[in-house]
Amino acid sequence: MQLTEEIAAIRGGLGDPARLLGEFRRAVLLVPLADGPDGGLMSAVSGGIRWIYAFTDEEALTRFAAARGEAGAGREWEFLSVLGARLVDAVVPVAGGPAGVVVNVADEDGSMFFPPVAGIVPDANAVDLGRGEAA
């Protein structure tokens with residue numbers, strides 16, 4: 001199964017969390033680059049957690065741009081293709097605080113959050129183990 005199918009199964013109450021996490025780690029995700037002087041990966045902070053935006057395909061990224069009112073209008077969205085595993089194993093540890101990944105955030109029935117908890121992010125960054133220090 002692909003990640004979007006696993007997300008649908010979980011949201012429908014029929015999925016397997018371990019299979020979902022496996023598909024997330026194996027998936028090649030599109031991660032938009034942030035505008036501005038700081039650059040980096042596009043993200044938002046909510047509830048003291050930095051959520052890195054990731055998308056399963058260009059169509060999902062386009063829906064995100066449209067939801068932000070930034071589709072078309074000549075704006076080019078630059079992004080990196082990154083494995084889900086690399087996001088949680090390499091990017092989260094250098095995020096400077098608790099961080100997780102949100103996939104397809106603009107898809108009302110197809111988004112999924114991968115929070116900074118044990119089993120998803122490295123233990124040293126997991127807030128539920130008291131190591132990721134929620135801000």
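The values are calculated or read from the model by the stated rules, or taken from the named source; none is laboratory data. None of the values given here were measured: they were computed from a predicted structure. Counting neighbours? That spans all protein chains shown, and the Cβs are built from the backbone with ideal geometry, glycine included.
Mind telling me which of the residues ALA106, ALA65 ends up being within 17 Å of ILE7 (Cα to Cα), touching a Phe, Trp or Tyr at 6+ places or on another chain (Cβ under 7 Å) and not in a strand (DSSP E or B)? Walk me through it before giving the result.
On the way: ALA65 fails: within 17 Å of ILE7 (Cα to Cα).
Matching residue, one of ALA106, ALA65: ALA106.
For ALA71, are the conditions met, namely being surrounded by 12 or more Cβ atoms within 10 Å (Cβ to Cβ) and in a helix (DSSP H, G or I)? Working first, answer last.
Numbers: surrounded by 12 or more Cβ atoms within 10 Å (Cβ to Cβ): yes; in a helix (DSSP H, G or I): no.
Criteria not met by ALA71.
ILE120 - would you say it is of a type in the set (Val, Ile, Thr), in contact with a strand residue (DSSP E or B) (Cβ under 8 Å, 6 or more places away or on another chain), more than 14 Å from VAL31 (Cα to Cα) and surrounded by 19 or more Cβ atoms within 10 Å (Cβ to Cβ)? Give the derivation first.
Values: of a type in the set (Val, Ile, Thr): yes; in contact with a strand residue (DSSP E or B) (Cβ under 8 Å, 6 or more places away or on another chain): yes; more than 14 Å from VAL31 (Cα to Cα): yes; surrounded by 19 or more Cβ atoms within 10 Å (Cβ to Cβ): yes.
Taking the combined requirement at face value, the residue satisfies it.
Which residue is modelled with the highest pLDDT, if the candidates are limited to segment 74-98 and must be over 15 Å from the mean Cα position of the chain (by Cα) and surrounded by 13 or more Cβ atoms within 10 Å (Cβ to Cβ)?
Across segment 74-98, the extreme among qualifying residues is GLY97.
If you take the residues of segment 46-64 that are touching a residue at least 40 places away in the same chain (Cβ under 8 Å) and among the aliphatic types (A, V, I, L, M), which of them is nearest to PRO98 (Cα to Cα)?
ILE49
LEU14 - would you say it is at pLDDT below 95, among the aliphatic types (A, V, I, L, M) and either under 26 Å from VAL117 (Cβ atoms) or within 11 Å of the chain's Cα centre (by Cα) (or both)?
Details: at pLDDT below 95: yes; among the aliphatic types (A, V, I, L, M): yes; either under 26 Å from VAL117 (Cβ atoms) or within 11 Å of the chain's Cα centre (by Cα) (or both): yes.
For LEU14, the condition - at pLDDT below 95, among the aliphatic types (A, V, I, L, M) and either under 26 Å from VAL117 (Cβ atoms) or within 11 Å of the chain's Cα centre (by Cα) (or both) - is met.
Being in a helix (DSSP H, G or I), of a type in the set (A, V, I, L, M) and surrounded by 19 or more Cβ atoms within 10 Å (Cβ to Cβ) is the filter here; which residues of segment 8-60 pass it? Let's see the steps before the verdict.
Step one: list which residues in segment 8-60 are in a helix (DSSP H, G or I), which gives 8-11, 17-26, 58-60.
If we keep only those that are of a type in the set (A, V, I, L, M) as well, we get 8-10, 18, 20-21, 60.
Of everything in segment 8-60, those that are in a helix (DSSP H, G or I), of a type in the set (A, V, I, L, M) and surrounded by 19 or more Cβ atoms within 10 Å (Cβ to Cβ) turn out to be LEU20, ALA60.
Quick one: what pairs do we get from segment 7-31, first residue free of Cβ contacts under 8 Å to residues at least 12 places away in the same chain, second buried (at least 16 other Cβ atoms within 10 Å of the Cβ) and not in a helix (DSSP H, G or I), C-beta under 6 Å, 6+ apart or different chains?
Matching pairs, first to second residue: ALA9/GLY15.
Filter segment 32-45 for residues that are within 18 Å of VAL82 (Cα to Cα) and either charged (D, E, K, R) or touching a residue at least 12 places away in the same chain (Cβ under 8 Å) (or both) and give the result.
Within segment 32-45, PRO32, LEU33, LEU41, SER43 meet the criteria.
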